[in-house]
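Notes follow the structure.
Just so you know, all these numbers are worked out from the coordinates, no wet-lab data involved. The model shown is predicted, which means the values in this text are computed figures rather than measured ones. Note that we place each Cβ from the backbone using ideal geometry, even for glycine, and neighbour counts take in every protein chain shown.
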């Protein structure tokens, strides 16, 4: 009789836990996930140009010229300095 009572108690606990899990899943599905629009916004000039290219606002040639201008401006602002040019010195 004790074993039967314990079995019923365990089954009742399992049913309660199962119902709670189903309710939690239903609540999670009822509340849609809200992602702010700024999450998808480009964060750099290169990102803006890429988005414009994908959306068809600029042509591939315009994209290439703009990227070349960005690279040239970056070279002026932050030139690459090589400590030793011309091979290894010994």
Burial order of peptide ranges 5-12, 44-51 (average beta-carbon count within 10 Å, highest first): 44-51, 5-12
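Taking 0.36 nm per residue of separation and subtracting the Cα-Cα distance, what length does fully extending residue 16 through residue 70 add? It would help to have the intermediate numbers written out before the result.
Numbers: separation 54, 0.36 × 54 = 19.44 nm, distance 6.21 nm.
Gain in length upon complete extension: 13.2 nm.
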Nitroxide proxy distance, nm - points 7 Å out along Cα→Cβ at residue 1 and residue 60: 8.6
